[in-house]
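The values are calculated or read from the model by the stated rules, or taken from the named source; none is laboratory data. Everything quoted here is computed from the prediction, not taken from an experiment. Positions of Cβ are generated from backbone atoms using ideal geometry, with glycine treated the same way; all protein chains shown enter the neighbour counts.
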Amino acid sequence: MKLSLPLLASVATFALGLIAAPVAANAQSADGIVVYNAQHESLTQAWADAFTAETGIKVTLRNGSDTELGNQIVQEGAASSADVFLTENSPAMALVDAAGLFAPLDAATLAQVPDNFRPADGKWTGIAARSTVFAYDKTKLSEDQLPKSLLDLADPSWKGRWAASPGGADFQAIVAALLELKGEEATAAWLKAMKENFTAYKGNSTAMKAVNAGQIEGAVIYHYYWFGDQAKTGENSKNVALHYFRNQDPGAFVSISGGGVLASSKHPEEAQAFVKWIAGKGGQDILKTGTSFEYAVGKGADSNPKLVPLADLQAPKVEPSTLDSKKVTDLMTAAGIL
Amino acid sequence: MHGSVETIRPDGTPILLRVRPWSRRPAPPWMAILAVLVSAASLLPLGFVIGVTIQTGWATASAMIFRPRVGELMVNTVLLVIATVPISAVLATALAWLTERTDLPAARLWSWLAVAPLAVPAFVQSYAWISLIPSLHGLGAGVLISVLAYFPFLYLPISAAMRRLDPGLEDAAASLGHSPARVFFRIVLPQLRLAILGGALLVALHLLAEYGLYAMIRFDTFTTAIVEQFQSTFNGPAANMLAGVLVMCCLLLLTLEAGLRGRERYARVGSGAAMRARPLRLGRAAWPCLLLPLLVAFLSLGVPALTLARWLIAGGAEIWDLGSIGLALGQTLFLALAGAALATMAAIPMAWLSIRRPGRLQRLLEGCNYIVGSLPGVVVALALVTITVRVALPLYQTLFTILVAYALMFLPRALISLRASMAQAPVELEQAAASLGRRPIHVLWSVTMRLAAPGAAASMALVSLGVFNELTATQMLAPNGTRTLAMAFWSLSGEIDYAAAAPYALIMVLFSMPLTWLLYVQSRRSAGR
């Protein structure tokens with residue numbers, strides 16, 4: 001039997017393509033590390049570019065959200081292609097840690113970060129931090145009309161007046177802190193009232209934009225969205241002011257962004273080097289000088305001078321490794337928010 | 001060996017064999033086997049939904065399904081469908097009537113402009129509107145933007161059907177004293193039923209599957225809720241159960257359409273051919289009538305064009321980060337072409353069977369593909385993520401898996417174009433090639449596929465158009481480091497960096513334009529004009 005050349009050629013190319021594809025996909029990681037990144041893409045890209053420039057180690061990002069990637073790593077188990085996991089908040093780090101998938105970090109990495117910004121087991125470290133705020137429309141609300149506590153937003157008087165982005169890991173971390181500080185019963189009740197009172201937006205930026213546009217009076221978000229917009233055009237935040245709850249209120253929660261190295265990493269040295277670099281001077285300087293406006297957490301590292309100093313925020317004491325993302329999504333699903 | 005006939009017995013006595021006509025021979029088994037394999041693969045997502053429900057257990061599953069949140073989503077989704085589909089149908093019928101049956105000035109132009117919105121991805125349409133009116137949200141906004149994004153799916157079949165209508169029936173009705181309005185409702189509209197139902201089904205399925213459009217205007221449907229659950233829990237049970245409900249909705253729509261379609265057909269009998277309809281003279285009414293296509297074109301094309309122009313000007317040269325844009329474009333083109341090639345190859349056995357060996361098996365297989373093609377990308381992606389991560393780990397996060405997802409999602413598109421042109425390849429040529437000793441695979445390649453090449457090209461174009469603007473499944477399945485145009489656009493617009501997102505939107509629209517043009521030309525050709 002005779003087969004024509006074009007047929008043979010096309011079948012061969014196709015088959016080769018199918019075989020080469022997974023190989024090519026893995027090849028990306030053969031000469032560098034894969035980072036499962038839930039931090040803002042622009043921030044991690046800046047870190048990765050500077051790190052690659054300094055060390056020559058290539059960094060490939062897979063972007064997603066905290067708990068999505070955290071749960072993904074847990075499902076992938078030892079087969080995960082991730083070498084490093086970076087998040088915006090702690091619950092997803094706690095999730096992966098509880099599954100025993102992190103390798104211990106180098107002592108030199110841990111030594112760069114104060115104890116209160118990392119879990120005691122040394123499996124991951126804080127790399128940045130962000131503060132919960134109530135971003136409000138300053139043309140509508142005066143300071144004495146602001147909620148004294150995050151819990152006040154459950155009051156019927158706040159019905160239809162505030163916003164949040166419940167699908168995002170940021171807000172879920174705040175709920176995790178509430179759960180840790182006030183217990184399950186109080187949190188479930190608060191979420192139930194929240195369902196009645198709040199308006200859901202997709203993303204914190206969008207929620208702030210809505211406050212700015214006068215569509216809603218306030219939103220529970222993190223501080224840096226406002227600073228980021230002010231640094232650009234201010235177009236989406238000119239009517240917005242930030243209210244810090246302080247007084248160790250659950251609403252004064254400071255969330256720690258984490259970084260860790262997977263035990264299954266095939267490039268442990270490079271992965272450890274990357275986390276060490278982020279928590280060290282190079283990475284922390286990018287927080288100070290870049291456009292992320294997140295707080296630096298390294299020993300002796302300064303945050304952007306425009307921010308309210310971390311020490312003045314009177315944040316409640318929450319052990320990051322105890323934050324329970326699964327319980328939070330279950331409670332939010334039960335409350336009909338997710 | 002296939003096609004050869006033994007004419008001499010081993011002992012040397014000649015015999016005469018009656019050769020059955022080609023068309024009644026059983027299908028070459030390998031063709032049927034391939035078609036069965038493709039269909040079996042395409043049933044994976046359905047099997048996944050059933051499997052996961054069983055695994056979850058009825059107690060948990062029912063707690064996840066019968067809760068108020070699912071009720072809310074159901075109400076939202078149902079309202080969206082029952083508001084959008086009829087409005088789109090009326091709009092599309094009115095436009096089709098104006099462009100096909102009247103002497104509306106520049107009718108050809110308006111006809112193209114009624115199809116062109118297909119080149120604007122739904123989430124770009126949403127982005128355009130939300131930058132124009134930031135407070136847009138909820139059901140009203142959802143219906144408005146959905147109509148603008150999807151009415152061409154109704155316009156295409158309706159206008160094609162109108163071109164083919166036999167004016168004799170209308171003349172007869174008019175001569176019996178019916179008013180023009182009555183003629184339209186009693187004679188024209190019933191003949192458009194199939195076109196309207198088919199288009200309506202397509203629109204409804206898109207409404208169920210779309211994510212980006214509704215996420216931007218804060219309107220929650222099953223699909224947005226599934227994506228949100230996925231972002232919180234990866235493939236948690238709540239996401240899987242919502243997917244199950246969504247699948248039920250799709251199946252319900254398919255059944256509904258099949259039921260309403262019925263078996264009635266309109267055909268002309270007797271000698272002669274239908275004449276071409278005389279366009280209705282609008283006279284002075286032409287100018288007010290022009291307002292409708294003008295308004296629709298402004299809302300569906302003008303608004304995106306204005307918004308994009310505004311952001312591109314506001315962003316200036318700074319937003320043209322050519323490195324990232326070029327990389328995204330390259331990756332998107334590669335995925336689109338590879339996905340289109342795979343979908344088209346997968347459609348070949350199916351298309352061949354349905355032309356050359358129609359029968360029970362073929363109808364069954366085609367039904368399977370049809371159902372799976374109606375499933376939203378988010379369900380297909382969820383299924384493939386779960387299956388690969390649990391059972392087929394070497395395939396997990398590979399290019400292969402994402403291409404399979406595209407092939408499953410867009411198989412019906414490939415099938416339709418391929419089948420139409422395969423039907424035009426004369427079976428006699430295949431027989432001649434076979435009688436000259438060519439192997440079936442060789443016949444298929446050197447005769448059938450060569451004659452069906454235009455159809456294969458159209459199939460590639462249609463599938464690439466789908467892949468080019470695909471967001472949800474790509475995000476969930478793509479290999480590490482993938483960043484398509486749609487993904488980049490989505491990530492930037494999510495951080496409300498609307499200016500930086502504009503170049504990506506522009507490129508998506510520009511690349512979709514020629515493919516949409518092809519679709520338009522194809523539909524006109526199928527109607528014989």
Practice item. Would you mind finding the one in A:ALA120, A:ALA82, A:ALA92 that is within 23 Å of A:LYS327 (Cα to Cα), in the same structural domain as A:GLY283 (by TED's automatic domain parsing) and assigned to a loop (DSSP other than H, G, I, E, B)? Key: A:ALA120
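Taking the criterion of being within 21 Å of A:TYR295 (Cβ to Cβ) and either without any contact (Cβ under 8 Å) to a residue 60 or more places away in the chain or more than 9 Å from chain B (Cβ to nearest Cβ) (or both), would at least one residue in region A:194-202 satisfy it?
Let us first name the residues in region A:194-202 that are within 21 Å of A:TYR295 (Cβ to Cβ), namely none.
Scanning region A:194-202, I find no residue that is within 21 Å of A:TYR295 (Cβ to Cβ) and either without any contact (Cβ under 8 Å) to a residue 60 or more places away in the chain or more than 9 Å from chain B (Cβ to nearest Cβ) (or both), so the answer is no.
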Check your understanding: Residues in region B:252-263: is at least one away from chain A (no Cβ under 14 Å), over 25 Å from the mean Cα position of the chain (by Cα) and not in a helix (DSSP H, G or I)?
Key -> no
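Is it the case that region B:53-68 has a residue that's in a helix (DSSP H, G or I) and under 15 Å from B:LEU382 (Cα atoms)?
The first filter runs over region B:53-68 and keeps only residues in a helix (DSSP H, G or I), leaving B:53-56, B:58-65, B:68.
Checking which are under 15 Å from B:LEU382 (Cα atoms) leaves us with B:53.
So far as region B:53-68 goes, yes, one or more of its residues are in a helix (DSSP H, G or I) and under 15 Å from B:LEU382 (Cα atoms).
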Review point. Do any residues in region B:312-325 that are within 13 Å of A:LYS232 (Cβ to Cβ) have Cβ atoms under 8 Å from those of residues that are among the aliphatic types (A, V, I, L, M) and surrounded by 13 or more Cβ atoms within 10 Å (Cβ to Cβ), where the two are at least six apart or on different chains, and which pairs are they?
Key: B:ALA314/B:ALA499; B:GLY315/B:ALA499; B:GLY315/B:ALA500; B:GLY315/B:ALA502; B:ILE319/B:LEU312; B:ILE319/B:ALA499; B:ILE319/B:ALA500; B:ILE319/B:ALA502
Review point. Residue check: is B:GLN475 buried (at least 21 other Cβ atoms within 10 Å of the Cβ) and either more than 17 Å from the chain's Cα centre (by Cα) or under 25 Å from B:TYR155 (Cβ atoms) (or both)?
Key: yes
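Count, please, the residues in region B:476-529 that happen to be in contact with a strand residue (DSSP E or B) (Cβ under 9 Å, 6 or more places away or on another chain), in contact (Cβ under 8 Å) with a residue 60 or more places away in the chain and outside any loop (DSSP other than H, G, I, E, B). Please lay out each step first, then the result.
We begin by selecting, within region B:476-529, every residue in contact with a strand residue (DSSP E or B) (Cβ under 9 Å, 6 or more places away or on another chain); these are B:478-483, B:487, B:491.
Add one more test, that the residue is in contact (Cβ under 8 Å) with a residue 60 or more places away in the chain, and what stays is B:478-480, B:482-483, B:487.
After this cut, where a residue has to be outside any loop (DSSP other than H, G, I, E, B) as well, the list is B:487.
The number of residues fulfilling the criteria is 1.
Can you name every one of the helices (runs of 4 or more DSSP H) wholly within region B:313-420 that holds 2 or more residues which are among the β-branched types (Val, Ile, Thr) and over 30 Å from B:THR77 (Cβ atoms)?
Numbers: elements: B:322-356, B:360-373, B:377-390.
Qualifying helices (runs of 4 or more DSSP H): B:322-356.
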Practice item. Would you confirm whether any residue within region A:67-83 is more than 10 Å from chain B (Cβ to nearest Cβ) and at pLDDT 95 or above? Key: yes
Practice item. Kindly check whether there is at least one residue in region B:205-213 that is in contact with a Leu (Cβ under 9 Å, 6 or more places away or on another chain) and small (Gly, Ala, Ser). Key: yes
**Study point:** Candidate set: region A:88-122, residues that are of a type in the set (D, E, K, R) and within 17 Å of A:VAL328 (Cβ to Cβ); chosen: the one surrounded by the fewest Cβ atoms within 10 Å (Cβ to Cβ)
**Key:** A:ASP97
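Answer yes or no: is there a residue in region B:102-111 that is of a type outside the set (Ser, Thr, Tyr), touching a helix residue (DSSP H, G or I) at 6+ places or on another chain (Cβ under 9 Å) and surrounded by 24 or more Cβ atoms within 10 Å (Cβ to Cβ).
Applying the first criterion (of a type outside the set (Ser, Thr, Tyr)) to region B:102-111 yields B:103-110.
Then drop every residue that is not touching a helix residue (DSSP H, G or I) at 6+ places or on another chain (Cβ under 9 Å), which leaves B:103-110.
Then drop every residue that is not surrounded by 24 or more Cβ atoms within 10 Å (Cβ to Cβ), which leaves B:104.
Within region B:102-111, one or more residues are of a type outside the set (Ser, Thr, Tyr), touching a helix residue (DSSP H, G or I) at 6+ places or on another chain (Cβ under 9 Å) and surrounded by 24 or more Cβ atoms within 10 Å (Cβ to Cβ).
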Practice item. Scan region A:304-338 residue by residue and report those that are buried (at least 18 other Cβ atoms within 10 Å of the Cβ), away from every other protein chain (no Cβ under 14 Å) and in contact with a Lys or Arg (Cβ under 6 Å, 6 or more places away or on another chain). Key: A:ASN304
Exercise for review: Starting from residues that are within 10 Å of another protein chain (Cβ to nearest Cβ), more than 21 Å from the chain's Cα centre (by Cα) and assigned to a helix (DSSP H, G or I), keep the ones in region B:216-226 and report whichever is surrounded by the fewest Cβ atoms within 10 Å (Cβ to Cβ).
Suggested key: B:ALA225
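Assess whether A:ALA301 counts as being among the aliphatic types (A, V, I, L, M), away from every other protein chain (no Cβ under 14 Å), without any contact (Cβ under 8 Å) to a residue 24 or more places away in the chain and out of contact with any strand residue (DSSP E or B) (no Cβ under 6 Å at 6 or more places or on another chain). Even if it seems obvious, please write down each step before you answer.
Details: among the aliphatic types (A, V, I, L, M): yes; away from every other protein chain (no Cβ under 14 Å): yes; without any contact (Cβ under 8 Å) to a residue 24 or more places away in the chain: yes; out of contact with any strand residue (DSSP E or B) (no Cβ under 6 Å at 6 or more places or on another chain): yes.
Answer is yes for this residue.
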Review point. Looking at (1) in the same structural domain as A:PRO119 (by TED's automatic domain parsing); (2) buried (at least 18 other Cβ atoms within 10 Å of the Cβ); (3) in contact with a helix residue (DSSP H, G or I) (Cβ under 9 Å, 6 or more places away or on another chain), which is the only condition A:VAL240 fails?
Key: (1)
Check your understanding: What is the residue count in region B:63-101 for residues that are basic (Lys, Arg), surrounded by 19 or more Cβ atoms within 10 Å (Cβ to Cβ) and either without any contact (Cβ under 8 Å) to a residue 40 or more places away in the chain or more than 14 Å from every other protein chain (Cβ to nearest Cβ) (or both)?
Key -> 1
Revision key, fill the gap. Checked region B:164-214 for anything out of contact with any Ser or Thr (no Cβ under 8 Å at 6 or more places or on another chain) and not in a helix (DSSP H, G or I); matches are B:LEU165, B:ASP166, B:LEU176, B:GLY177, B:HIS178, B:SER179
Point to revise | Breaking point among (1) in contact (Cβ under 8 Å) with a residue 12 or more places away in the chain; (2) surrounded by fewer than 23 Cβ atoms within 10 Å (Cβ to Cβ), for A:THR125 | key: (2)
Check your understanding: If B:THR388 satisfies every condition in (1) in contact with a Phe, Trp or Tyr (Cβ under 8 Å, 6 or more places away or on another chain); (2) touching a residue at least 40 places away in the same chain (Cβ under 8 Å) but one, which is the exception?
Key -> (2)
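Look at B:ALA434 and say whether it is within 15 Å of B:ALA351 (Cβ to Cβ), away from chain A (no Cβ under 12 Å) and either touching a strand residue (DSSP E or B) at 6+ places or on another chain (Cβ under 9 Å) or touching a residue at least 60 places away in the same chain (Cβ under 8 Å) (or both).
no
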Practice item. Identify, by number, the condition in (1) crowded, with 21+ Cβ neighbours inside 10 Å; (2) within 28 Å of B:PHE66 (Cα to Cα) that B:VAL245 doesn't meet. Key: (1)
